[in-house]
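Structure first, commentary second.
What follows draws every value from the coordinates through simple rules; no lab data is involved. Computed from a prediction, not measured in an experiment: that's the story for all the values here. With ideal geometry, Cβ positions are generated from the backbone for all residues, glycine too; neighbour counts draw on all protein chains shown.
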């Protein structure tokens, strides 16, 4: 048996799986995290997201840490962003890309806040699904929008 530096001791640990996924593809949380977070903050501004909504999308509850990240990435300092936050940023980037394909800018932000009877929303707004704290909510919106883009 060969030694595999990317093997995961706990196969059910999503964070370890995500880290291994990114490391195999050459994504370095220190080198790429800051750029991803800067882009996320620009999208958050375009969508007029509150600080609470931004933190919910990123899956962080610590306001002081979040504010520190914002200051440091806007100053273009090197910052290590946790891999699970990078995964969430990737989902937001996918959602943003799909929305810009489907709608003009002003309609994209409105669509996020409008109630939607389609699955997976069940009468809730997409933003409510995205900010409920679970990665599955972001993933559901990504899948929904990609299906719309490619249908």
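In whole Å, what is the distance between the alpha-carbon centres of region 44-68 and region 123-145? Centre-to-centre distance over Cα atoms comes out at 16 Å.
Provide 68, 56 in ascending order of the number of other Cβ atoms located within 10 Å of each residue's Cβ, fewest first. List each step's numbers first, then the result.
Working: 68 12, 56 20.
By the 10 Å Cβ count, ascending: 68, 56.
For a modelled paramagnetic label at residue 110, 7 Å from Cα along Cα-to-Cβ, no residue of region 125-151 is in reach, as no backbone nitrogen comes under 14 Å. Residues 87, 92, arranged from fewest to most other Cβ atoms within 10 angstrom of their Cβ, appear as 87, 92.
As a calculated quantity, the FRET efficiency between residue 74 and residue 24 at R0 = 25 Å, using C-beta atoms, amounts to about 0.25. Take every Cα pair under 8 Å whose residues are at least 6 apart in sequence, average their separation, divide by the length of region 53-126, and the relative contact order is 18 percent.
Before anything else, pin down the relative contact order of region 35-88: Cα pairs under 8 Å, at least 6 apart, normalised by residue count, whole percent. Taking the mean separation of contacting Cα pairs over the length of region 35-88, I get 44 percent.
Let me know the shape class of region 14-149, please: from the alpha-carbon gyration tensor, a ≥ b ≥ c as square roots of the eigenvalues, rounded when a/c is under 1.5, otherwise prolate if a/b is greater than b/c, or oblate. Present the calculation step by step, with values, prior to reporting the outcome.
Working: a/c = 1.77, a/b = 1.46, b/c = 1.21.
Prolate shape, in that a/c is at least 1.5 and a/b is the bigger ratio.
Computed from the C-beta positions of residue 147 and residue 52, the FRET efficiency with R₀ = 22 Å rounds to 0.15. Across region 14-149, Cα pairs under 8 Å and at least six residues apart give a relative contact order of 27 percent.
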